[in-house]
Every structure is written in structure tokens, then in C-alpha cells.
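Down below is the structure, laid out as C-alpha cells.
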Amino acid sequence: MVQRQEFEFDPTELSDEVKGLRTDVDSANDERHKAKLETILAHAPGKLKSALQAASEKGASSWVTAHPSYDHGTVLHKGEFTDAIYIRYGWTLLNLPTLCACGVSFDVQHALDCKLGGLRAIQHNEVRDVLAQCMREAGHSLVEVEPKLQELNGEEFEYKSANKDAEARSDIKCCGFWSNMRQAYFDVKVVSPFARSNAHFKPAQLFKNAERSKIREYSERIRQVEHGDFNPLVFTCTGGMAPQCHLVLKRLAEQMSKKQNLQHSIVSGWLRCRLSFALLRTTLLCVRATRSKRFALDNNIELAVSESCIEH
């Protein structure tokens, strides 16, 4: 106003100008950061390059910028924080065991792949339960975890990889998520961008392959038999999300913001942070938790008390 030598103040006009200036500044910052990232990636070794690409995914840095709070579950002790930083940049973690309980050489990738101890399933189930709880908080009362799909009666599907199992289940069923009184089904998949089979894929191609696999497995059956909608929810263990996952979270954030009368951006950031910590904590659990071989025990309590003369 001083530059233009104006005497009348128009708040609307000034607000529009400020928004335009902020947009220009944000665009310039994005371009500068993008150019800096490309320069770093061009000179980074292969492993670090993959780690930086994974860390650059939207949502992958939510845990880094969150202030520690016991009330909101955003606290990491010093060992967890150190491990999280090392994993973020693809560095070799300190004080890892040389061998896994299953007898194979131990490293971070093996920890994420090893099925001994059921830790891999815990990561999947934690993300599934967080999403189901958020759907309930968004006002959906009919949310079911691990719903069984209807049995088939001779239906034929286009893809050979379609799930035709009589006990087939999806991860989450929510009534009214996309449209009123229509069932929506979701299936969660957590992949590692550092796995040998995924290392040569860029993040976009990795997400595309994982989504396509889930769609071929469930989509046709759910559309034809259940007459519902299906969305694969693909995450990386570093916190990245596939395109369809972003769409689902955007819709969920809109519903939660209306339900709780909050700004959409606030709810969206909180939701990404909540999922980021769920993925991070379970990844650290896979790396540091104790794995042991299972021993078969007789769970017949009455027989054990009788034969072992246990006092009671």
C-alpha cells in the first residue's frame, strides 16, 4: 500500500495478494528443494539413494517433525530414535545380532521378512487396527475387521490370481465410506523398499505393482459377489503411501474433519503422523524384539495339574 500510495484499506484485496505471495514463495521453495534433492541423489551411492527416495515420500517424515508427547504416543526412547534415523538413511544398525533365531544371517531386511515370532503380522495388524479405529472416529459405526467374504458358487473371474478361497477375508469392511449404505472393503499391505526384489524399482513402480497385485486378488470378487467397493492400502515400512491409499486417507480426513469440526489440513497431518508412528514402531519391533523357536506344550491345564501334582 505504501508503494502504491493508497489511502483506502481493502482487507479482501490484501488477503488475496498475501495468498498469492505465499503461493509464489512455496513454489520457489519446492523448486529449490527438488533441485537440491536431485543433486544429492545424483552423487549418492545406490543404498543411500534408495533410502533417500523412500524418506522423500509423502508421510514418511511425519514422525521426524512431531514433538514428543506421551499423551499422543509420539515419544521414542533414545535407542528407538537412533535406530529410526539409521533405518531412514540406510545405515547399518549398531549392535545387531549376527544370526537370527531361525538360523539365517540377521540384518534389517531379514528382520522385516522373517516370519518367526509373528512380528511381520503384527506390523500389518497394527496398521489395519489404526485405520479401522480412525473410521470409527469418523462416525462410521459399521466397521468390521477381517470380514469373511461370501462363498463362491461357480463364479468365474478374469485373473487367475483372484482369491477363490472359501475362507477368504479382507482386512476392513466399512459401510457408507464412499457412498451411503454401500459396503467398502480395504486390504492392507506393507512392503519394504529395501528388499532385494524391490530395490531396483522406483517408489511409483513399487506402489503400482503392489496395488495391482491386491486388485487382481480381491477387486473382481468384491465387485461381482459382494457388490461393494475395494481399495488396496499399500504402505512402505518407512511411512510412504501408494496413490489409492492417499485417496482413502483424504476421504477419511474429510469425514473426520466434518465429524469433529476441525480443519481438513489439521486432521490430514494428524492421520499421516499416526500411521507413520504405527509403521515405525512395528518396524523397530521387528528389528529389536526377541525371536525364539516355538516349543510344543500340552495346554491341558487339568491334566497338567493332575500329573504334575501342582498344589491349588
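Would you mind stating whether Asp24 is touching a Lys or Arg at 6+ places or on another chain (Cβ under 8 Å) and at pLDDT 90 or above? No; evaluated as a whole, the condition is false for this residue.
Scanning the stretch 94-113 finds no residues that are β-branched (Val, Ile, Thr) and at pLDDT 90 or above.
The lone criterion from (1) farther than 23 Å from Arg288 by Cα; (2) not polar (S, T, N, Q); (3) not in a helix (DSSP H, G or I) left unmet by Leu21 is number (3). In the set (1) in contact with a Ser or Thr (Cβ under 7 Å, 6 or more places away or on another chain); (2) buried (at least 19 other Cβ atoms within 10 Å of the Cβ), Val127 fails one condition alone, (1). Checking each residue in the stretch 62-112 for being touching a residue at least 40 places away in the same chain (Cβ under 8 Å) and among the β-branched types (Val, Ile, Thr) picks out Thr74, Ile87, Val108. Is it true that some residue in the stretch 168-180 is at pLDDT 90 or above and loosely packed, with under 13 Cβ neighbours inside 10 Å? Looking through the stretch 168-180, at least one residue is at pLDDT 90 or above and loosely packed, with under 13 Cβ neighbours inside 10 Å. The residue that is surrounded by the most Cβ atoms within 10 Å (Cβ to Cβ), counting only those in the stretch 57-87 that are under 25 Å from His110 (Cα atoms) and in contact with a Pro (Cβ under 8 Å, 6 or more places away or on another chain), is Glu57. Does Leu252 count as on the phi < 0 side of the Ramachandran plot, in contact with a Cys (Cβ under 9 Å, 6 or more places away or on another chain) and surrounded by 15 or more Cβ atoms within 10 Å (Cβ to Cβ)? Yes; evaluated as a whole, the condition is true for this residue. For Ala42, the stated conditions hold: it is hydrophobic (A, V, I, L, M, F, W, C), within 27 Å of Cys237 (Cβ to Cβ) and more than 26 Å from the chain's Cα centre (by Cα). Determine, yes or no, whether Ala101 is surrounded by 10 or more Cβ atoms within 10 Å (Cβ to Cβ), in contact with a helix residue (DSSP H, G or I) (Cβ under 7 Å, 6 or more places away or on another chain) and farther than 25 Å from Phe235 by Cβ. Yes, satisfied.
Among residues of the stretch 281-310 that are under 30 Å from Ile122 (Cα atoms) and surrounded by 10 or more Cβ atoms within 10 Å (Cβ to Cβ), none has a beta-carbon under 7 Å from a residue that is at pLDDT below 70 and among the aromatic types (Phe, Trp, Tyr) at least six positions away or on a different chain. For the stretch 91-122, the set of residues classified as more than 25 Å from Lys78 (Cα to Cα) and of a type in the set (S, T, N, Q) consists of Ser105 only. Tell me, please, whether a residue that is over 15 Å from Gly240 (Cα atoms) and either modelled with pLDDT of 90 or more or part of a loop (DSSP other than H, G, I, E, B) (or both) can be found in the stretch 44-53. Yes, because at least one residue in the stretch 44-53 is over 15 Å from Gly240 (Cα atoms) and either modelled with pLDDT of 90 or more or part of a loop (DSSP other than H, G, I, E, B) (or both).
The values are calculated or read from the model by the stated rules, or taken from the named source; none is laboratory data. As the structure is a computational prediction, the values presented were derived from the model and not from experiment. In this analysis, Cβ positions are derived from the backbone assuming ideal geometry, glycine residues included, and neighbour counts consider all displayed protein chains.
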